Amino acid sequence: MSFSNAIKPVRKAVFPVAGLGTRFLPATKVMPKEMLPLVDRPLIQHAIDEARDAGIEEFIFITGRAKEMLETHFDHQPELMETLEKRGKHDLLEKVKATALPEGSLFLTRQAKPLGLGHAIWCARKLVGNEPFAILLPDDVVLAKKGCLSQMIETYNEIGGNIVGVMDVPREQTASYGILDIKTDDGKLVDIKGLVEKPKPEDAPSTLSVIGRYILQPEVFDHLASFEKGAGGEIQITDAMAKLIGKQPFHGLRYEGQRYDCGSRLGFIEANIAFGMEDPEIGKQVRDLVKRFAA
Ligand code: G1P
């Protein structure tokens, strides 16, 4: 398999949303965890908005049982819009309008068994086809001036290949992330010589970790198809990505911005405070509130 020099544009993004969200029970007993609101937008919408800002045209959900609310959220809702219009609630109307995806741009497929993130991505192979694509894990939210995926696509359009968003973590946390084995590092862009999923701190080749933002070439599906089990007995995207290294360019990008782990309760609260402080309507009040708590 040789890597072509022509850089194909990234038009499609995959959103794995089949996970159970047990860490938020009982809140997620009925409601998908991706519908938890970060200020006034559900997590899934933060991810969709970031992808849309980055120029993504096709949105692919890997969904599962009891997740129908997610696709409904992006529907056009004429009745609600009419009511808001009649009541003169134009600011709310604009917010609701902004959620709707262009017709025919949302695609759904299902992951029937929870066999891991790599397996979830593999389920999208027919919808992605033979072109590069992005993956956004909605649990990972990045507060940034320019969206994290936009920054990655800018870099991708220059260098092509595969790019993951990366950040430094304390060594004691390496077992929660995919970790980079670094070939060269210019402080922003990292040339990767290996990737390890969730290594113990003493085994981790570095402390530079992958966050839930990826731009990958379609050849990754060939490796996912072997259904090899990795860390935690699951089919891992990290293992399939590692097999591309050496055959295709593979880089990590230290994006500008702050990533929050909204898959944990603490990270989710932190994200709500951080996004709340930046909110155009209630930002000042949230900042005052934080000051009052600190005093
Ligand atoms: C997944 C990936 C891991 C990555 C992380 C980022 O892990 O497997 O490589 O570092 O997302 O959030 P998970 O958080 O699903 O266990």
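Pro16 fulfils the conditions (1) modelled with pLDDT of 95 or more; (2) open to solvent by 80 Å² or more (accessible area, probe 1.4 Å) except for a single criterion, (2). When each of Lys188, Lys198, Lys193, Lys183 is tested for being without any contact (Cβ under 8 Å) to a residue 12 or more places away in the chain and either on the phi > 0 side of the Ramachandran plot or in contact with a strand residue (DSSP E or B) (Cβ under 9 Å, 6 or more places away or on another chain) (or both), the lone residue that passes is Lys183. Against the test of being within 13 Å of the ligand (Cβ to nearest atom), surrounded by fewer than 17 Cβ atoms within 10 Å (Cβ to Cβ) and closer than 13 Å to Tyr177 by Cβ, the options Ala231, Ala204 yield a single qualifying residue, Ala231.
Ala100 passes every criterion in (1) crowded, with 16+ Cβ neighbours inside 10 Å; (2) over 30 Å from Met167 (Cα atoms); (3) in contact with a His (Cβ under 6 Å, 6 or more places away or on another chain) apart from (1). Among strands (runs of 3 or more DSSP E) entirely within segment 76-169, having at least 1 residues that are within 16 Å of the ligand (Cβ to nearest atom) and touching a residue at least 12 places away in the same chain (Cβ under 8 Å) singles out 133-136, 140-143, 162-168.
Scanning segment 207-228 for residues that are open to solvent by 60 Å² or more (accessible area, probe 1.4 Å), more than 15 Å from the ligand (Cβ to nearest atom) and charged (D, E, K, R) returns a single hit, Asp222. Val30 satisfies every condition listed in (1) within 16 Å of the ligand (Cβ to nearest atom); (2) part of a loop (DSSP other than H, G, I, E, B) except (1).
To keep it simple, each residue is scored yes or no on (1) away from the ligand (no atom under 14 Å from the Cβ); (2) modelled with pLDDT under 95; (3) among the β-branched types (Val, Ile, Thr); (4) surrounded by fewer than 17 Cβ atoms within 10 Å (Cβ to Cβ).
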{"residue": "Phe275", "(1), (2), (3), (4)": "yes, no, no, no"}
{"residue": "Pro280", "(1), (2), (3), (4)": "yes, yes, no, yes"}
{"residue": "Gly283", "(1), (2), (3), (4)": "yes, no, no, yes"}
{"residue": "Arg287", "(1), (2), (3), (4)": "yes, no, no, yes"}
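Looking across segment 170-199, the residues that are away from the ligand (no atom under 12 Å from the Cβ), closer than 12 Å to Gly252 by Cβ and either surrounded by 15 or more Cβ atoms within 10 Å (Cβ to Cβ) or of a type outside the set (D, E, K, R) (or both) come down to Asp181, Ile182, Thr184, Asp185, Gly187, Leu189, Val190, Asp191, Ile192, Lys193, Gly194. The residues of segment 235-249 that are of a type outside the set (D, E, K, R) and either away from the ligand (no atom under 14 Å from the Cβ) or open to solvent by 40 Å² or more (accessible area, probe 1.4 Å) (or both), listed by number, are Leu244, Ile245, Gly246, Gln248, Pro249. Looking across segment 170-196, just one residue is in a loop (DSSP other than H, G, I, E, B) and among the basic types (Lys, Arg), and that is Lys188. Looking at segment 107-121, which of the residues that are in contact with a helix residue (DSSP H, G or I) (Cβ under 6 Å, 6 or more places away or on another chain) and crowded, with 22+ Cβ neighbours inside 10 Å is nearest to Lys12 (Cα to Cα)? The qualifying residue nearest to Lys12 (Cα to Cα) is Ile121.
Within segment 7-22, the presence of at least one residue that is more than 20 Å from Gly129 (Cβ to Cβ) and in a helix (DSSP H, G or I) is confirmed.
Matching residues to (1) at pLDDT below 95; (2) over 15 Å from Ser105 (Cα atoms); (3) not acidic (Asp, Glu):
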{"site": "Gly21", "(1), (2), (3)": "yes, yes, yes"}
{"site": "Thr28", "(1), (2), (3)": "yes, yes, yes"}
{"site": "Glu34", "(1), (2), (3)": "no, yes, no"}
{"site": "Arg41", "(1), (2), (3)": "no, yes, yes"}
{"site": "His46", "(1), (2), (3)": "no, yes, yes"}
{"site": "Arg52", "(1), (2), (3)": "no, no, yes"}
{"site": "Phe59", "(1), (2), (3)": "no, no, yes"}
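Here is a check on your reading of the model: is Gly257 in contact with a Cys (Cβ under 8 Å, 6 or more places away or on another chain) and away from the ligand (no atom under 11 Å from the Cβ)? In short, yes.
The values are calculated or read from the model by the stated rules, or taken from the named source; none is laboratory data. Fair warning: this is a prediction, and the values are worked out from it, not measured in the lab. All Cβ positions, even for glycine, are placed from backbone atoms using ideal geometry, and neighbour counts span all protein chains on display. Accessible surface is based on the protein model in full, side chains and every heavy atom, while ligands, DNA and RNA are left aside. Shrake-Rupley method; radii C 1.70, N 1.55, O 1.52, S 1.80 Å.
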